[in-house]
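Colleague: Dropping the structure in here first, questions after.
The values are calculated or read from the model by the stated rules, or taken from the named source; none is laboratory data. This one's a predicted model, so the numbers in the text were calculated from it and none came from an experiment. Methodologically, a virtual Cβ is constructed for each residue, glycine included, from the backbone with ideal geometry; neighbour enumeration extends over all protein chains shown. Surface accessibility is based on the protein's heavy atoms, side chains included, excluding ligands, DNA and RNA. Shrake-Rupley method; radii C 1.70, N 1.55, O 1.52, S 1.80 Å.
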Amino acid sequence: MILYLHGFRSSPLSYKTSLLAARMQALGRGAEYICPQLPASPREAIALALSIAQDIPPAGLTLIGSSLGGFYAAWLAERLGCRAVMLNPAVHAARDLASQVGVKTQYHSNEAFEFKREYIDELAALAVPAITQAERYFLIAATGDELLDWREMVAQFAGARQRVIEGSDHGISDFADYADEVLAFCGVDVGAGQ
């Protein structure tokens with residue numbers, strides 16, 4: 001089972017999650033891919049992810065986290081003992097999102113939501129000082145990320161499998177080039193549907 005956790009202001013309609021959902025469908029494994037709409041509250045987002053993951057054995061679960069979803073995925077992977085793919089993950093989410101307090105809109109729907117000041121404390125409570133069992137992680141970091149520092153990502157996931165993309169951007173607009181590598185790390189036989 002793959003549980004995809006999208007980023008701040010993002011949704012299950014993002015480019016990366018839509019691409020992975022279509023790829024899993026093409027492989028006949030669409031039912032093994034979940035990407036819920038995460039609440040703005042970090043505490044509620046984690047609770048939702050835990051409610052989905054709680055009955056899945058760690059060996060059968062891989063989290064994919066993009067940006068803020070990567071921050072959540074690190075905390076969840078440490079707690080659950082499962083694999084995790086990190087796509088330009090936020091490493092210091094409380095610091096990086098402190099300037100985002102207020103009413104925001106989602107990228108794919110323009111639906112308004114409020115990012116409350118107390119959410120910064122909720123993020124701080126989820127910080128992972130250092131990962132354990134680095135072999136459970138796969139980091140994809142783009143040097144061209146305009147929002148987050150790829151060097152912080154590389155340092156946070158030291159010892160993990162890493163693919164540093166020269167250039168690209170925060171959304172990893174060339175993600176199609178890496179989708180099968182991500183799915184293979186998740187344990188999906190990507191040659192099955194070809």
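Colleague: Search the structure for amide H atoms under 5 Å from the amide H of L147, placed 1.01 Å from N in the peptide plane, and list their residues when 5 or more places away or on another chain.
Modeller: Those qualifying (amide H under 5 Å, at least 5 residues apart or on another chain) are H170.
Colleague: Which residue, chosen from Q100, P89, I52, occupies the Cα position most advanced towards the positive end of the dipole of the chain, where the dipole is computed from +1 (Lys, Arg) and -1 (Asp, Glu) charges on Cβ about the Cα centre?
Modeller: I52
Colleague: Got a number for carbon plus sulfur as a percent of the chain's accessible area, 1.4 Å probe?
Modeller: 51
Colleague: Of (1) 15.5, 48; (2) 19.1, 58; (3) 16.7, 52, which is the value of Rg and Dmax of the Cα atoms in Å derived from the coordinates here?
Modeller: Working out Rg and Dmax of the Cα atoms in Å from the coordinates points to (1).
Colleague: Please name whichever of V188, L19, A155 sits farthest to the positive end of the charge dipole of the chain, dipole taken about the Cα centre and charges placed at Cβ: Lys and Arg +1, Asp and Glu -1.
Modeller: Towards the positive end, the residue furthest out is V188.
Colleague: Can you tally the net charge around S173? Count Lys and Arg as +1, Asp and Glu as -1, for every other residue whose Cβ sits under 12 Å from the Cβ of S173.
Modeller: -4
Colleague: What size of dipole, in debye to the nearest 20, comes out for the chain about its Cα centre when the only charges are +1 on Lys and Arg C-beta atoms and -1 on Asp and Glu C-beta atoms?
Modeller: Dipole of the chain, to the nearest 20 debye: 260 debye.
Colleague: Further, regarding this structure: Determine the per residue accessible area of region 49-194 with all protein chains present and a 1.4 angstrom probe, expressed in square angstrom.
Modeller: 46
Colleague: Here's something else I'd like to know. Arrange the peptides 162-168, 141-147 so that the one whose residues have, on average, the most other Cβ atoms within 10 Å appears first.
Modeller: Ranking, from highest mean packing down: 141-147, 162-168.
Colleague: Let me ask something else. Summing +1 for each Lys or Arg and -1 for each Asp or Glu, what net charge is found among the other residues whose Cβ lies under 13 Å from the Cβ of L50?
Modeller: Result for the neighbourhood of L50: -1.
Colleague: Summing Lys, Arg as +1 and Asp, Glu as -1, what charge do residues with Cβ under 10 Å from the Cβ of F8 carry, F8 excluded?
Modeller: Local charge sum for F8: +1.
Colleague: Per-residue ellipticity at 222 nm for the chain, helices alone: DSSP H runs ≥ 4 residues times -39500 (n - 2.57), over residue total, nearest 500 deg cm²/dmol?
Modeller: -9500 deg cm²/dmol
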